[in-house]
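Encoded as structure tokens, the structure appears first; notes follow it.
Each value in this text was obtained by applying a stated rule to the coordinates, not by laboratory testing. Small disclaimer: the values here were computed from a predicted structure and weren't measured. Methodologically, a virtual Cβ is constructed for each residue, glycine included, from the backbone with ideal geometry; neighbour enumeration extends over all protein chains shown.
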């Protein structure tokens, strides 16, 4: 008979202990769903024979899982409801498999603001009384992960820590993570799944990962990992770091207050002055503030001009342009000086001969200039090529703008420079992948609280694909 207990606060010091079979299971979860699963599994009595029916406050779930939604209660309830439908397939050592769900039952009790749940009984051999072939790791640090696949890749790597160097087939990752068809393309798998996850793992976890991709023929088929445990800092190092951080905070706070005061004195409202002072560095703000003040006679809205210049870094762009012009002028002067020195070293006879040769060459070029297009050179093809290049540039600019509008630029390794190097095919494939992500995260579920955001983002990518598909 199972017991029901009330846990008023989730214990952040508990670990998640799971079998290697569960780590390698076939399932798909969003980042928030994965966090809730980790939270649920970490609060188990790992030595028990059966799962208890557990009751945990919704607020505790939201705080532990770092759920940032404006309505945390509704978000937790929705995640739990989605977990009831999430299936997983676990492969057995004898070649067989079995399928089950994460939760056997779940109930929201509004009078107490608690979720009462029980884990599916079929998961007992994967979570209870484990003696071998398992991973036991801290749960709290995993709540810092933002990418959908960081926790899963972390589990796959951490369980191999004793081996240190090993390989995984890319098809194994595609199959176990239940990735869509767009991830069959190596570019999408690398940049949307593996690289963001490894970056987060190196920044936020207790392990350090190095990796490289292995090619077989013309295709990448495997990924090689080297995994080590990060060195624990000494007490002296911790104290020194904390002191340094405190001094940095104090310095930053002083700079923020100084910049905020300067902006307010020029008519910027208090809230935006504080926001800009925190977001942009002191040098950028001062340079653009001075630029805006110098141009104030042409502006009808000085505060607006100041904020625009800071946001676009107008002063920085002008400085870069001036630097580029100065470098070009310097290079031209150097070329002229070199030519002059070379000419001065020549004898009069050599100079006259050189002048005659140049005059003859110029006359020859003038006489041979074709009035018609050169054979095999089609003007139409040139125009078409120019049009294609123009469309690709438009597509690259539009794709990056959508990344900024949807916030996807913060969750991926894409940068303006990397987007500028992408082909039309790569742009369309990447947009298709991101469209699928937003669809899977609630873009098709009108009952989901984040539906409006996910749906809008999904439609932006759909319009992008429709517009540029013909130019592929």
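I need two numbers for the stretch 1-157: Rg to one decimal and Dmax as a whole number, Cα atoms only, in Å.
14.8, 48
Hey, what's the per residue convex hull volume over the C-alpha atoms of the stretch 94-135, in cubic angstrom? Walk me through the numbers on the way to the answer.
Numbers: hull volume 4.1 nm³, N = 42.
Given the Cα convex hull of the stretch 94-135, per-residue volume reads 98 Å³.
Ranked highest first by the average count of other Cβ atoms within 10 Å around their residues, in what order do 148-156, 211-219 fall?
Numbers: 148-156: 23.2, 211-219: 9.8.
Top of the packing list down: 148-156, 211-219.
Kindly rank 427-439, 163-175, 53-65 from highest to lowest mean number of other beta carbons found within 10 Å of each residue.
427-439, 53-65, 163-175
For the stretch 91-226, what are the per-bin percents of Cα-Cα distances with bins 5 Å wide, up to the bin holding the maximum?
2, 8, 14, 17, 18, 17, 12, 6, 3, 2, 1, 0, 0
Would you list the P(r) distribution for the stretch 146-232, with all Cα-Cα distances sorted into 10 Å bins from 0 and each bin expressed as a whole %?
16, 53, 27, 4, 0
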